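In what follows, a single structure is set out as structure tokens and then discussed.
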Amino acid sequence: MSTDEYRRALEVAIKEYEQLAAERQRIDRRLSELAQTIGTLSRLCGFTPTVPWGLTDACRTVLRNAGTAMTPAEIRDRLVAIGCDLSVYSNALAAIHTTLKRLAEAGELRTAAAAPPGKLGYVWVRSPNTVTLTLDNARITAEIEKSQTRTRGKR
């Protein structure tokens, strides 16, 4: 195979990867919506969850669906509303703060101004690794285009 064929194959692979990453984001968003709906409906029906959510996944779900910055207290209230049992924590708000801080450090959330003025909130940014890999793909694509431009200029 020639270098040009490798580059074309790379371009095709990058495009497919980006399409799948976008599809994954849509699927993740829908799964979060359904998980929240199931939790709320189960609670309204008087069912107890047989597989309780972990606090991290529950916080992710709430923030994915929020569409806006939320304070830790708002997240706690939403978690309770969808049926998360926070009674297992001696200080639920402290556990939520710690979880949000870790998610922010991992790049899944970022801090932002929340609705009550002066309050710090968190907003969902992305699924882990998806954007990073997409940015790498964008850099590779830019390099390919740059080299193709140079090659065309030499002709």
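Taking 0.36 nm per residue of separation and subtracting the Cα-Cα distance, what length does fully extending Asp85 through Ala112 add?
Additional length available on full extension: 7.0 nm.
Label points 7 Å out from Cα along the Cβ direction at Glu5 and Gln19: separation in nm?
2.3
For an R0 of 25 angstrom, estimate the FRET efficiency from the Cβ-Cβ distance between Leu44 and Leu93 and round to the nearest 0.05.
0.50
Values in this text are rule-based calculations from the coordinates and carry no lab data. Owing to the predicted nature of the structure, the values given are computational and were not obtained by experimental measurement. All Cβ positions, glycine included, derive from the backbone under ideal geometry; neighbour counts span all protein chains shown.
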